[in-house]
Amino acid sequence: MERISIPFTAGAAISALLSEAYGHSYSAGIAISALALAFIIITATVRKETQHGFIYAASFFAAGIFCHATSTLSGNMAGGEGNLITSLAADACDTLRSAIDSLEIGDHVRNEMLKALLTGDRNGLPEEVTSTFRAAGASHILALSGLHIGIIYTLLAGLLSFLGNSIPAMRLRSLILVLAAAFYTIMTGASPSMVRAFLFILLSELCRNLPGRVRDPARILQTALVIQLAVSPAVIGSLGFQLSYLAVSGIVWIMPKISSWFPDDGTFNPMKKIWDLCALSISCQCLTAPLVWLRFRTFPKFFLVTNLAAMPLTTLSIATAVFCLVTGTHCPGIALKACGQCVNMLLYVLEVLASLS
């Protein structure tokens, strides 16, 4: 899969840079040139067995250029306005916002924080709260991403565990999880990072249910990348898309090496869990920090402390909020208090870290 994903992504990236520099008129020429290049490469080398690797790389490089250039000429392919699914998703998102507003977990700011964590709607957050997240290096917590959908996916998978582990039960559970992830992705705006996370869930569940398939995170990452770029090549210019794939690339290829520095003896070890969380944060920063510095000339000095403290609190805030929303009017008072305290602690920790910046 790497023989496809890397050259295809490189082609789309180069086309994006050229289109930005020279405009739509240049896209037509580059698209035709890419198509001609692919044809020449294939016809010239198809009989030479030793050059199959070159054929793959060059052909998919040209395909990446062609896909991005033609999508730029034809406009945004996503569309979808006014169809039944997007309409239902928009109504569901409005209902979810209203339900969050009705939770009695403290003052209005806490409800707005939960709304940002669950729906991505940050319009109601005071500027000082947004500034606190930014100063503490935790802006990614407010931006819906694989972290948020991953937490909800894990919670839903746990709730569906009662179905059992038979093959029909596993397939039913996978179907429910994929449909729920798809609806949640559309409901919250289908940002590039959310689409990436959904593709991960979709491909992972497919591998789980197809005989002989192994859930290889690296191959899932590469397949998701190709699918997302093939459907919407222009997304390669999105900062959210770039950071999302860079972060997951760090988790896939760098985290296992860092995590292995602390041997796992097979027993529950809190220090090992903390080390793994550190490995997760460091592996993400290894690849995302250069891009953040290039774009914003900033670097989150306390990213390790922020993630060690904020990630568990974010997970608890989302989990308790989901429980409160699901139980509705029957929600125990202690659950509402727990949800409010988790949000309070999250904000307090970030305020302390922001003050050190």
Whole-Å distance linking the alpha carbon centroid of the range 246-275 with that of the range 173-224 is 23
So with the 1.4 Å probe, I'd like the accessible area per residue for the range 295-357, rounded to whole Å². 55
Ratio for the range 178-324, C-alpha Rg to 2.2 N^0.38 Å, reads 1.15
Counting pairs of Cα atoms in the range 154-235, how many percent are more than 22 Å apart? 29
Within the range 171-186, whose backbone N sits under 19 Å from a point 7 Å along Cα→Cβ of residue 210? 171-179, 182
Quote the relative contact order of the range 137-234 in percent (integer), defining contacts as alpha-carbon pairs under 8 Å separated by 6+ residues. 27
Residue by residue, what Karplus-based ³J(HN,Hα) values in Hz, rounded to whole numbers, does the range 170-180 have, using 6.51, -1.76 and 1.60 with θ = phi - 60° and x for Gly and Pro? 5, 5, 5, 4, 5, 4, 5, 5, 5, 5, 5
Hz values of 3J(HN,Hα) by residue in the range 240-247 - Karplus curve (6.51, -1.76, 1.60), Gly and Pro given as x: x, 4, 5, 5, 4, 6, 5, 4
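Show me 255-266, 86-97 ranked by packing, highest mean number of other Cβ atoms within 10 Å first.
Descending mean neighbour count gives 86-97, 255-266.
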Under Karplus coefficients 6.51, -1.76 and 1.60, residue-wise ³J(HN,Hα) of the range 108-120 in Hz, glycine/proline x: 4, 4, 5, 5, 5, 5, 5, 5, 5, 5, 9, 10, x
Let me understand the range 226-288 better: what is its radius of gyration from the alpha carbons, and its Dmax, in angstrom? 15.2, 47
Taking just the alpha-carbon atoms of the range 102-259, what radius of gyration and Dmax come out, in angstrom? 17.3, 52
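Length gain on complete extension for the stretch residue 337 to residue 159, per 0.36 nm per residue less the alpha carbon to alpha carbon distance?
61.9 nm
How do 185-198, 165-178, 298-311 rank on mean C-beta neighbours within 10 Å, highest first?
Values: 185-198: 21.6, 165-178: 14.2, 298-311: 17.9.
Order by mean packing, descending: 185-198, 298-311, 165-178.
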Ignoring ligands, DNA and RNA, what percent of the 1.4 Å accessible area of the range 134-259 is carbon and sulfur? 72
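The values are calculated or read from the model by the stated rules, or taken from the named source; none is laboratory data. Nothing here was measured: the structure is a model prediction, and the numbers come from that model. Glycine gets a Cβ as well: all are built from the backbone with ideal geometry, and neighbour counts include every protein chain shown. Ligands, DNA and RNA are excluded from the accessible area calculation, which covers all protein heavy atoms including side chains. Shrake-Rupley method; radii C 1.70, N 1.55, O 1.52, S 1.80 Å.
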